[in-house]
Amino acid sequence: EKGMYDHFMLKEIDEQSIALRNIIQKYQHEDGETRLDSDIRTVVQESDRVYIVAAGTSYHAGLVGKQLMEKIAHKPVEVHIASEFVYNMPLLSKKPLFVFISQSGETADSRAVLVKVKELGHRTLTITNVPGSTLSREADFTLHTFAGPEIAVASTKAYTAQMAVLTLLAVDTARVSGIELDFDPLQELGIVANAIEALCSQKDVFEEIAKTYLMTTRNTFFIGRAVDYYVALEGALKLKEISYIQAEGFAGGELKHGTIALIEEGTPVIALTTQSHVNLNIRANVQEVVARGASPIILSMEGLEQPSDTFVLPRVHEWLAPLVAVVPLQLISYYAALHRGCDVDKPRNLAKSVTVE
Ligand code: F6R
């Protein structure tokens, strides 16, 4: 039920901190550490490469998951769009593990890959919000995202929950491999939950950004570098699916190779900067679009901010920044759609789960 909310989407954005706390609790053992099922641990350990397969927002979570697995667990990961993978299979490693990420667990494109790789005899793991769903039943193993039912067509809390579970998978893999971590992942996820809560208590700021920049525009760009680029892709998808504003997520350095031709006087460009090693690079990219007339909206992370930034996000561990940085983008999309008179929870042409290939 929506309760006091006008839309499920806003309720589900707010529920992200609760979902994270749920995940922390569900995956925490008595000794305070995370432990995954020993069979899952073994299958990850034995694989020489992880192939993440997903669609849409879940694919975007997979891109962040690759970073987490490679940085935290030193495990090589490839991320594939499900509908492409089926007909354009890459050369596989000797011992691949397939990880399907799916909120609904019913996405036909992802299932087609699952069926195919099972035929080839490979091991499979599904990360889903619906245990008992098709992808969960048909895979060898399941990890549950514990986000609670997601009703709005635009995925929000499932995405952050997927990234949190991918963090725990990476941390568990690191621990088994004897890799020392210099941070406490459960504590860091708790800090992320607090940060999300803080952002959700400042909705008026994001409503104002939407009203100032997105009421009449026909197009928008989201830019970021490194992992911020992946969040930019998700921000753009959110905005276009519910507000019908054409939105593109771009790697900051790539714009100048063609797309910058689209920047006109007043084109909104939302830039994310949460990663210290590329802070100056993305700021240079913002200057490039500002010089062509763009209206920049800069969202930076505390510690990296500059006086002209539009909003400063609470500081969290840089590797977990996507879980926080996406929240303003979800809220900006929500208010843009709302004030443009769109049907936020049921955007045109879309269904909650896509069960056709
Ligand atoms: C976007 C969205 C879709 C889904 C995609 C995959 O907000 O909801 O892009 O993420 O259709 O769905 P699942 O995760 O159910 O496999």
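Taken together, the values in this text are just the output of simple stated rules run on the coordinates, not laboratory data. The model shown is predicted, which means the values in this text are computed figures rather than measured ones. We place every Cβ from the backbone using ideal geometry, glycine too, and count neighbours over all the protein chains shown.
3J(HN,Hα) along the stretch 258-272: x, 5, 4, 4, 7, 6, 10, 4, x, 4, x, 10, 9, 10, 9 Hz, from the Karplus curve 6.51 cos²θ - 1.76 cosθ + 1.60 with θ = phi - 60°, whole Hz, x for Gly and Pro. Cross-link pairs exceeding 24 Å between alpha carbons, from the set Lys157/Lys238; Lys66/Lys118; Lys66/Lys203: Lys66/Lys203. The angle between the Cα long axis of helix 56-73 and the longest principal axis of the Cα atoms of the chain comes to about 70 degrees, rounded to the nearest 10.
Close amide H partners of Thr142, meaning residues 5 or more places away or on another chain with modelled amide H under 5 Å apart, are Thr126.
In whole angstrom, how far apart do the alpha carbon centroids of the stretch 292-308 and the stretch 93-140 sit? One Cα centre to the other: 40 Å.
Each peptide in 314-322, 181-189, 84-92, 100-108 was scored by the mean count of other Cβ atoms within 10 Å over its residues; highest first, the order is 100-108, 314-322, 181-189, 84-92. Gain on full extension, evaluated as 0.36 nm per residue between Thr355 and Thr259 minus their Cα-Cα distance, stands at 31.2 nm. Dipole magnitude for the chain: computed about the Cα centre from +1 point charges on Lys and Arg Cβ and -1 point charges on Asp and Glu Cβ, it is near 680 debye. Modelled label-to-label distance, Glu180 and Glu70, 7 Å Cα→beta-carbon offset: nm? So the two model labels end up 2.5 nm from each other.
Charge tally for Gly105 (other residues, Cβ to Cβ under 15 Å; Lys, Arg +1; Asp, Glu -1): -2. Peptides 192-205, 343-356, ordered by how many other C-beta atoms sit within 10 Å of their residues on average, highest first, read 192-205, 343-356.
Could you point to the residue in Asn349, Ala198, Ser300 farthest towards the positive end of the chain's charge dipole, with +1 and -1 charges on the Cβ of Lys/Arg and Asp/Glu respectively? Sorting the options by dipole projection puts first Asn349.
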